[in-house]
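Working notes, structure below.
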Amino acid sequence: MNYIVLDMEWNQSYPRIINETTKKKSKPKNEIIEIGAVKLNEDLECVDTFKSLVKPVYIKKLNDHVRKLTGITAEMLSEGDYFPEVVWDFRDWCGEDRVILTWGYDDIPMLISCLKMYRLETDWVGEWYNLQVIFNAQTDGGKNQRSLASAMEYFECGIDEEHPQHDAFNDARYTAMVCRKLDLRRGIEEYARNTKAMSPTATVFMNLKEVARRQYRCTVINGRSQCPEAFNTNACPVCGAPMVRGKWVRQGRGKLVSIGECREHGRYFMQNRLLKGKTEKLVRKTVFESNPEAEEYYSDRIKASERKEPAEAAE
Ligand SMILES: [Zn+2]
């Protein structure tokens, strides 16, 4: 079996209001612009590499922050190939008997959302693991998501100046260096238990099914952004009837969660998230089908808010 160490860079659009009256589909928020990967064999030796830039289709303007962070320019992207070609090359390159390893929880959901955007198959992605979980479990047992740079420092692996971070290929190579310091086989065996211990929030959100999403514009009252509509309008996503809901509790910075119940259609887990646009602030409300994990998470958050504990640091 091989290990595919994957890293990607993506461009971001600024949040925009979805036009409710025309139901015009808004642009996607993110679009992958670079895929970098290293293939390791069972002895963690590098057997092949993959590196490709992706020509953007949906978000043509390169976000300033992304450009500065990655060093990728619009000219470089114009030389890239389109996402479907790059991703099929990548799929072939990955081969059959392998698992994907990433640094963080974001890359694979991003890959899957871009595949769906192009109506491409997603099943081939298969098993994947966030190395942060394995790193924490096998080092100091920390619960926060650590940066790749801090893991490199922990193992005294140097970042060389000619290969800066935030380049998908360089980061995949650096991540592979960290892999060689870990017991991957054991890390994968113990993964489920350790993910839950490290990030209860991520575990809950990974298994939720989104059923509705809407954005509300904030109004500024006495210098403070307010958005009562996002918190007081709690319509059932199926029939639109007002739901009975619990209180809104803090999930993390700029994020609140609650649970609503429709007498006919059951319980829904809701998240309100503050988004900072270029000129205004928005609240994005996402409604998910509730499940036992979400219910347990919500009641834990309520207990924590009653004890006035801070929300999870990693969020
Ligand atoms: Zn209903």
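The values are calculated or read from the model by the stated rules, or taken from the named source; none is laboratory data. Since the model is a prediction, treat every value here as computed from it, not as a measurement. Note: ideal-geometry Cβ built from the backbone for every residue, glycine included; neighbour counts use all protein chains shown. Accessible surface is based on the protein model in full, side chains and every heavy atom, while ligands, DNA and RNA are left aside. Shrake-Rupley method; radii C 1.70, N 1.55, O 1.52, S 1.80 Å.
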Checklist entry - Can you tell me how many residues in region 37-92 are of a type in the set (Asp, Glu) and surrounded by 13 or more Cβ atoms within 10 Å (Cβ to Cβ)? => result 4
Checklist entry - Any idea which residue in region 90-123 is farthest from the chain's Cα centre (by Cα), counting only those that are under 18 Å from Pro200 (Cα atoms) and part of a loop (DSSP other than H, G, I, E, B)? => result Trp103
Checklist entry - For region 124-194, list the helices (runs of 4 or more DSSP H) that sit wholly inside it and hold at least 2 residues that are open to solvent by 10 Å² or more (accessible area, probe 1.4 Å) and either in contact with a strand residue (DSSP E or B) (Cβ under 9 Å, 6 or more places away or on another chain) or of a type in the set (Val, Ile, Thr) (or both); which are they? => result 168-179
Checklist entry - Residue check, Leu182 against (1) within 23 Å of the chain's Cα centre (by Cα); (2) of a type in the set (A, V, I, L, M, F, W, C); (3) at pLDDT 95 or above, all met but one. Which one? => result (1)
Checklist entry - When Gly260 is evaluated against the numbered criteria (1) surrounded by fewer than 16 Cβ atoms within 10 Å (Cβ to Cβ); (2) out of contact with any Asp or Glu (no Cβ under 7 Å at 6 or more places or on another chain); (3) modelled with pLDDT of 90 or more, which criterion, by number, is the only one it fails? => result (1)
Next on the checklist: Residue under question is Leu256, and the condition is that it be touching a residue at least 60 places away in the same chain (Cβ under 8 Å) and touching a strand residue (DSSP E or B) at 6+ places or on another chain (Cβ under 7 Å); does it hold?
Outcome noted: no
Checklist entry - Of the residues that make up region 105-117, is at least one over 16 Å from Glu9 (Cα atoms) and open to solvent by 40 Å² or more (accessible area, probe 1.4 Å)? => result yes
Next on the checklist: Among the residues that make up region 284-293, is at least one of them away from the ligand (no atom under 16 Å from the Cβ), in contact (Cβ under 8 Å) with a residue 12 or more places away in the chain, touching a helix residue (DSSP H, G or I) at 6+ places or on another chain (Cβ under 9 Å) and over 30 Å from Val99 (Cβ atoms)?
Outcome noted: yes
Checklist outcome for this item: In the set Gly240, Gly277, the lone residue that is farther than 30 Å from Ala197 by Cβ and exposed (fewer than 13 other Cβ atoms within 10 Å of the Cβ) is Gly240
Checklist outcome for this item: Expected single match for more than 24 Å from Tyr58 (Cβ to Cβ) and of a type in the set (D, E, K, R) among Arg119, Arg98 is Arg98
Next on the checklist: Anything in region 246-265 that is of a type in the set (A, V, I, L, M, F, W, C) and away from the ligand (no atom under 16 Å from the Cβ)? List them, or say none.
Outcome noted: Trp248, Val249, Leu256, Val257
Checklist entry - Does region 235-245 contain at least one residue that is within 16 Å of the ligand (Cβ to nearest atom), at pLDDT 90 or above and under 28 Å from Tyr105 (Cβ atoms)? => result yes
Next on the checklist: Being within 16 Å of the ligand (Cβ to nearest atom) and among the hydroxyl-bearing types (Ser, Thr, Tyr) is true for just one of Tyr268, Tyr174. Which residue is that?
Outcome noted: Tyr268
Checklist entry - Mind checking which pairs have a first residue in region 212-237 that is part of a strand (DSSP E or B) and a second that is within 16 Å of the ligand (Cβ to nearest atom), Cβ under 6 Å, 6 or more apart or different chains? => result Ala212/Pro237; Ala212/Val287
Checklist entry - Hey, among Arg284, Arg214, Arg250, which residue is modelled with pLDDT of 90 or more, open to solvent by less than 90 Å² (accessible area, probe 1.4 Å), under 23 Å from Thr203 (Cβ atoms) and of a type in the set (Lys, Arg)? => result Arg284
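Okay, residues lined up against (1) under 16 Å from Gln271 (Cα atoms); (2) basic (Lys, Arg); (3) not assigned by TED's automatic domain parsing to the domain that holds Phe269:
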{"residue": "Arg213", "(1), (2), (3)": "yes, yes, no"}
{"residue": "Tyr216", "(1), (2), (3)": "yes, no, no"}
{"residue": "Val220", "(1), (2), (3)": "no, no, no"}
{"residue": "Arg224", "(1), (2), (3)": "no, yes, no"}
{"residue": "Pro228", "(1), (2), (3)": "yes, no, no"}
{"residue": "Pro237", "(1), (2), (3)": "yes, no, no"}
{"residue": "Gly246", "(1), (2), (3)": "yes, no, no"}
{"residue": "Val249", "(1), (2), (3)": "yes, no, no"}
{"residue": "Lys255", "(1), (2), (3)": "yes, yes, no"}
